[in-house]
Amino acid sequence: MERILPAQQIADAVAHGRPRGNLSDLYPRWLGARELMRHGRNPYSAEVTREIQQGYYGRPLDPGRAGDPKDQQGFAYPAYVVFLLAPTVDLPFEAVQAGFRWLLVGLAAASVLLWLRVLRWRPSFRAGLIFIVLMLGWLPMVQGIKLQQLSLLVAALIAACVACLAGGWLFCGGALLALATIKPQLTWPLVLWLLLWAGGSDWRSRRRFVFGFGLVMLLLLGGAELVLPGWWRMFIAAIEQYHRYTQGQSVLTVMFGTVAGRILDVLSVVACAICVWNLRAESSSTEAFGQATSLVLALTILIIPMSALYNQVLLAPAILALLWSESLGRPVLPALRLARMAGAILLVWPWIASMGLSLAYFSLTLPLRQRLWPMPFYPSLMLPVLVFLLALLDTWRSQARPLRESAPAE
């Protein structure tokens, strides 16, 4: 991320005349928030978009240049994201950028501990520290920190939300989930699952989650309407434009084509829905609830219309749940054992490839570096598919196990 990948990107930019500015994914949101909060300007406007491009790319994009990036870097977020960024708008962006990077590191470490709590896994201090180090060195996490991606903030808010639910703080969990909707595409499957869970059983106590979520959403939506009337129409137009110039596709449509991919998207949603439907009565303090939630997050990575690597940080709870299941030493079918081994290879390959390329950096010629740099990214499409399938099977087996254990002996 510091030497091999930037060198390839710089060489490619020079060859095609592409501009390179600060390339921080936080910058478009920060600048839009600053212009709205300090000057009352519309962050969705074409004028602000050109100013964003000036900082992000180093100059405004020129539609007449074939080599210019297609991503316009417009303010394609709900307007209420400005409330989270408001404390930073009076600071220089360089300070905000540095502080946000360290914030993401701290949130990543905390998220590991939160998910272990949700899954009711209490590893030793040494094992927990290893998990944190591996999380910080995981390729999606490293890329997200490098880019200062808000997806990592959303992932941390989701982890805090589910940990609050597991600890019985349902109102707080709902409030945190509302804040996580600054990226709606990453949260809507989880919102549907948790609303189903809240209404599926024990409404008297679980309604606190719904009240917390609903109240904070009303405050965010109402506050955004006050600072920018009619923002939701601008946001919808910005999202439509974003999908038009990025041509975003889900992981499954990228792998299998539009028709087959969409069919597989629907089948994945149906399979996940059937699985979690049977768990809607589970208490939030149980391992089964944590498994179901991690399964929904793994589904999210499959079906959202974007395949960016940094979004795969949402696979972390499903991976931890699978590791926890494996550590229990429960008997599994040989085919499932092979699938888990394949998943393990896909998971560790980026570390192997990255370390190999880094060690061989000084002995590789420039043309060879430009051919080998994608090696760590090879499993980036297969890993979400395999993690989802393994998580689906593991969750299903966990449901069937109590039935087998409670069946009378012949």
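The values are calculated or read from the model by the stated rules, or taken from the named source; none is laboratory data. A quick note: this is a predicted structure, and the numbers were derived from the prediction, not measured. Please note: Cβ atoms are built from the backbone with ideal geometry, for glycine as well, and neighbour counts cover all protein chains shown.
Kindly provide the set of residues from the stretch 16-49 that are of a type in the set (Gly, Ala, Ser) and closer than 22 Å to Gly144 by Cα, ordered by number. So that I can check it myself, show each step before the final result.
Residues of the stretch 16-49 of a type in the set (Gly, Ala, Ser): 17, 21, 24, 32-33, 40, 45-46.
Across the stretch 16-49, the qualifying residues are Gly21, Ser24, Gly32, Ala33.
If I go through the stretch 158-169 residue by residue, how many of them are surrounded by fewer than 23 Cβ atoms within 10 Å (Cβ to Cβ) and part of a helix (DSSP H, G or I)? Let's see the steps before the verdict.
Residues of the stretch 158-169 that are surrounded by fewer than 23 Cβ atoms within 10 Å (Cβ to Cβ), as a first pass: 160, 167-169.
If we keep only those that are part of a helix (DSSP H, G or I) as well, we get 160.
Here the count works out to 1.
Hey, any hits in the stretch 202-219 for a residue that's at positive phi and either charged (D, E, K, R) or in contact (Cβ under 8 Å) with a residue 24 or more places away in the chain (or both)?
So in the stretch 202-219, the residues at positive phi come out as 202.
Still in the running and either charged (D, E, K, R) or in contact (Cβ under 8 Å) with a residue 24 or more places away in the chain (or both): 202.
Yes; the residues of the stretch 202-219 include at least one that is at positive phi and either charged (D, E, K, R) or in contact (Cβ under 8 Å) with a residue 24 or more places away in the chain (or both).
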message: When you check Arg117 against the structure, is it surrounded by fewer than 18 Cβ atoms within 10 Å (Cβ to Cβ), modelled with pLDDT under 95, more than 29 Å from Met217 (Cβ to Cβ) and out of contact with any Cys (no Cβ under 6 Å at 6 or more places or on another chain), yes or no?
response: no
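Among what's in the stretch 223-276 and is of a type in the set (Lys, Arg) and modelled with pLDDT of 90 or more, pick the residue that is farthest from Ala79 (Cα to Cα).
Let us first name the residues in the stretch 223-276 that are of a type in the set (Lys, Arg), namely 233, 244, 262.
From what's left, modelled with pLDDT of 90 or more: 233, 262.
Values: Arg233: 11, Arg262: 30 Å.
Checking each candidate, the answer is Arg262.
Per-residue answers, yes or no, for (1) part of a loop (DSSP other than H, G, I, E, B); (2) at pLDDT 90 or above; (3) among the hydrophobic types (A, V, I, L, M, F, W, C):
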| position | (1), (2), (3) |
| --- | --- |
| Leu357 | no, no, yes |
| Gln370 | no, no, no |
| Tyr378 | no, yes, no |
| Leu383 | no, yes, yes |
| Val387 | no, yes, yes |
| Ala391 | no, yes, yes |
| Glu405 | no, no, no |
| Ala409 | yes, no, yes |
Residue count, the stretch 208-240 (criterion: surrounded by 16 or more Cβ atoms within 10 Å (Cβ to Cβ) and among the basic types (Lys, Arg)): 1
- prompt: Filter the stretch 1-37 for residues that are more than 17 Å from Tyr80 (Cβ to Cβ) and basic (Lys, Arg); which is surrounded by the fewest Cβ atoms within 10 Å (Cβ to Cβ)?
  reply: Arg3
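Give the stretch 86-103 a look and list any residue that's over 19 Å from the mean Cα position of the chain (by Cα) and in a helix (DSSP H, G or I), or say none.
Restricting attention to the stretch 86-103, the residues satisfying the condition of being over 19 Å from the mean Cα position of the chain (by Cα) are 86-99.
Matches in the stretch 86-103: Ala86, Pro87, Thr88, Phe93, Glu94, Ala95, Val96, Gln97, Ala98, Gly99.
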field: Candidate set: the stretch 170-217, residues that are of a type in the set (D, E, K, R) and in a helix (DSSP H, G or I); chosen: the one farthest from the chain's Cα centre (by Cα)
entry: Arg204
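Please find, among Gly74, Gly64, the residue that is surrounded by 20 or more Cβ atoms within 10 Å (Cβ to Cβ), modelled with pLDDT under 90 and small (Gly, Ala, Ser).
Numbers: Gly64 fails: surrounded by 20 or more Cβ atoms within 10 Å (Cβ to Cβ).
One residue alone meets the criteria, Gly74.
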- request: Restrict the check to the stretch 317-331 and report whether at least one residue is modelled with pLDDT under 95, among the hydrophobic types (A, V, I, L, M, F, W, C), in contact with a Lys or Arg (Cβ under 8 Å, 6 or more places away or on another chain) and crowded, with 19+ Cβ neighbours inside 10 Å.
  value: yes
task: Please indicate, with yes or no, whether at least one residue in the stretch 40-51 is within 23 Å of the chain's Cα centre (by Cα) and surrounded by 12 or more Cβ atoms within 10 Å (Cβ to Cβ).
output: no
- prompt: Any idea which residue in the stretch 31-50 is nearest to Pro63 (Cα to Cα), counting only those that are basic (Lys, Arg) and in a helix (DSSP H, G or I)?
  reply: Arg50
